[in-house]
């Protein structure tokens, strides 16, 4: 199992990954991560057709003080494409204070099972997939992420 974390508050723009630091790396080379990046590479090193991984993200998200209260969301993304079944949404009634306090954050958890074909690699990340209430006139909101934690476990 590999674990990646980042405890500091970070601003994540729409369709951008949450950045992570390596806490517990994979000593077999199945899971690769560059410190400070938001992308984790899963390798299909296997004698079978697929290597199966369970990817779980847990963290706290909030609307920045410069934003507007409303629904915000994260999702696990595979090669830059969000896995919609992993989408976690919260609707804060207020924006975060400046500086942010823990009272402004909501805890979210998301899990995905990912099959990597033998000999292939997939890139996994956690992205801000928040949407604008009025997409024609307002861009999607940035979010704050704190205590980000992603674990990757090889399960088959």
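Quick note: the coordinates plus some simple rules give every number you see, no bench work behind them. Values in this document were obtained by computation on a predicted structure and should not be read as measured data. For neighbour counting, all protein chains shown are included, and Cβ atoms are generated from backbone atoms with ideal geometry for every residue, glycine included.
Here are the numbers for the structure shown:
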read-out	value
Estimated D of segment 2-154 in µm² per second, where Rh is the Kirkwood radius over Cα pairs and Stokes-Einstein applies at 10 °C, 1.306 mPa s	100 µm²/s
Cα→Cβ-extended label distance, 7 Å offset, between residue 118 and residue 49, nm	1.0 nm
Computed label-point distance, nm, for sites residue 7 and residue 153 using a 7 Å Cα→Cβ extension	2.4 nm
Distance between segment 94-156 and segment 1-42 - C-alpha centres, whole angstrom	12 Å
Cut-off 19 Å (backbone N to label point 7 Å along Cα→Cβ of residue 101), residues of segment 125-156	144-147
Additional length obtainable on full extension of the chain from residue 66 to residue 35, 0.36 nm per residue less Cα span	8.3 nm
Contact order normalised by residue count of segment 22-156, Cα under 8 Å, 6+ apart, percent	36 percent
Per residue, the convex hull volume that the Cα atoms of segment 100-150 enclose (Å³)	133 Å³
